[in-house]
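Below: one structure, written as structure tokens.
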Amino acid sequence: MNLHDYGWSSAWDDAFARLAEPGLVPARVVREHRDACALVGEAGECLAEVSGRFRHRARSGSDFPAVGDWVAAEWPGGESRAIVHAVLPRRSAFVRRSAGTGGEPQVVAANVDTVFLVSGLDRDFNLRRIERYLTLAHESGARAVVVLNKADVAADPGHARLQAESVAAGKPILLVSAASGAGMGALRGALAPGETGALLGSSGVGKSTIINALLGRDALRTAPVREDDDRGRHTTSHRELIRLPGGGLLIDTPGMRELQLLADDTALERSFDEIADLAGRCRFRDCTHTGEPGCAVQAAVAAGELDVGRYESYLQQRKEIRHHRIEQDVRLQNEERKRWKAIHRSLRNHPKYRREE
Ligand code: GDP
Ligand code: ZN
């Protein structure tokens, strides 16, 4: 197995050299399980768990290996099990908060170079949704490409493209039909060999159909991997990081399909850069653009220079982002409290500190 086929490049060499202790090898995570992950490396494929030290040091769920991650692993020759010692610093990451564990952040896709923001040009077409996905893309660090699918059934594809441009200024916009194949060459070309892509979009916009078209066959979840289950039997499961015929790579994890708007204000401002520009001219530096005197944003809405739908979309996203951030802060505080309790407890039990009775 050649690592370059999975996106390895000299930039990763450096990152690896900085982290790896002798005996460790680089590998990429192609799938995640509850307590393990599947790796590809020069030796082939295997299942891996993180080392005890890794687990001990991890501060949050997002520290653990995720699909797309490059890791430094202990992988003795010929073994079908490996141990992950470190995750190489991510170039980009899509994060969600898991429902079960009190909103612990989890990386659902790492090291995505290009994220395709897919909309369907049927009744589903919704600019506000493109804006949300753009903010997610900005937050992730991946490059965004807007894909307008189902061009074959669009009433006015040209108009749709103009509308998309009005919210995604400067991003490539591709008009495609996964069903007929129109425009799919450009989509393929947007992912150079060795680059990693991912698709974001609501259910029904055609993501699976696009992936199948990129794969050039009719089964979405291809590339079966044989592995031992707990009872030592071989089971077949599927990669979530897949190689495309053209040499590109694609991450398709279930988590990508349920991303919430976890972002910071910088990502929001990049999605709404004209609002950020206007805000610089508000009378108050901490203007919330919701009723203050001398607000340049509201003035622009009143003058018809800023689309009111876009203004409302901005306020809505800001509200959600702040809401998530407050929840996050509460969670972090609770964790910190628990940590200190544990430290105090272990100090109390330590012979050196134990009070003489
Ligand atoms: P996903 O939920 O985003 O993965 O969407 P699917 O790939 O399952 O597609 C949803 C529906 O849209 C299916 O019935 C597809 O056949 C249909 N579809 C996908 N792409 C196109 C397209 O380019 N044109 C048309 N007319 N239908 C499409
Ligand atoms: Zn203002």
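Looking at Asn111, Asn126, just one residue is at pLDDT below 90 and more than 16 Å from ligand 2 (Cβ to nearest atom), and that residue is Asn126.
Got a number for residues in the range 175-206 being within 12 Å of ligand 1 (Cβ to nearest atom), within 22 Å of the chain's Cα centre (by Cα), open to solvent by 20 Å² or more (accessible area, probe 1.4 Å) and not hydroxyl-bearing (Ser, Thr, Tyr)? Selection size over the range 175-206: 1. The residues of the range 294-314 that are in a helix (DSSP H, G or I) and either among the small types (Gly, Ala, Ser) or in contact with a Ser or Thr (Cβ under 7 Å, 6 or more places away or on another chain) (or both), listed by number, are Ala296, Ala299, Ala300, Ala302, Gly309, Ser313. Based on this model, can you work out whether Gln106 counts as open to solvent by 10 Å² or more (accessible area, probe 1.4 Å), closer than 20 Å to His324 by Cα and polar (S, T, N, Q)? For Gln106, the condition - open to solvent by 10 Å² or more (accessible area, probe 1.4 Å), closer than 20 Å to His324 by Cα and polar (S, T, N, Q) - is met.
Residues that are open to solvent by 80 Å² or more (accessible area, probe 1.4 Å) and outside any loop (DSSP other than H, G, I, E, B) within the range 1-24 comprise His4, Ser10, Asp14, Arg18, listed in sequence order.
Highlighted here are the strands (runs of 3 or more DSSP E) found entirely within the range 63-132 that include at least 1 residues which are out of contact with any helix residue (DSSP H, G or I) (no Cβ under 7 Å at 6 or more places or on another chain) and over 19 Å from Ser202 (Cα atoms): 70-74, 81-87, 105-110. Looking only at the range 216-234, decide whether some residue is of a type outside the set (Ser, Thr, Tyr), within 21 Å of the chain's Cα centre (by Cα) and modelled with pLDDT of 90 or more. No, the range 216-234 has no match at all.
Within the range 277-313, being away from ligand 2 (no atom under 11 Å from the Cβ) and either charged (D, E, K, R) or open to solvent by 20 Å² or more (accessible area, probe 1.4 Å) (or both) holds for Asp277, Ala302, Ala303, Gly304, Glu305, Asp307, Val308, Arg310, Glu312. For the range 151-174, how many residues meet the condition of being in contact with a helix residue (DSSP H, G or I) (Cβ under 9 Å, 6 or more places away or on another chain) and within 15 Å of ligand 1 (Cβ to nearest atom)? Number satisfying all stated conditions: 5.
If the condition is being buried (at least 18 other Cβ atoms within 10 Å of the Cβ) and more than 26 Å from Gly248 (Cα to Cα), then the range 25-53 contributes only Val50.
The values are calculated or read from the model by the stated rules, or taken from the named source; none is laboratory data. Quantities reported herein were computed from a predicted structural model and do not represent experimental measurements. When we count neighbours, we look across all protein chains shown, and the Cβ atoms used for this are built from the backbone with ideal geometry, even at glycine. Calculation scope for accessible area: heavy atoms of the full protein, side chains included, ligands and nucleic acids excluded. Shrake-Rupley method; radii C 1.70, N 1.55, O 1.52, S 1.80 Å.
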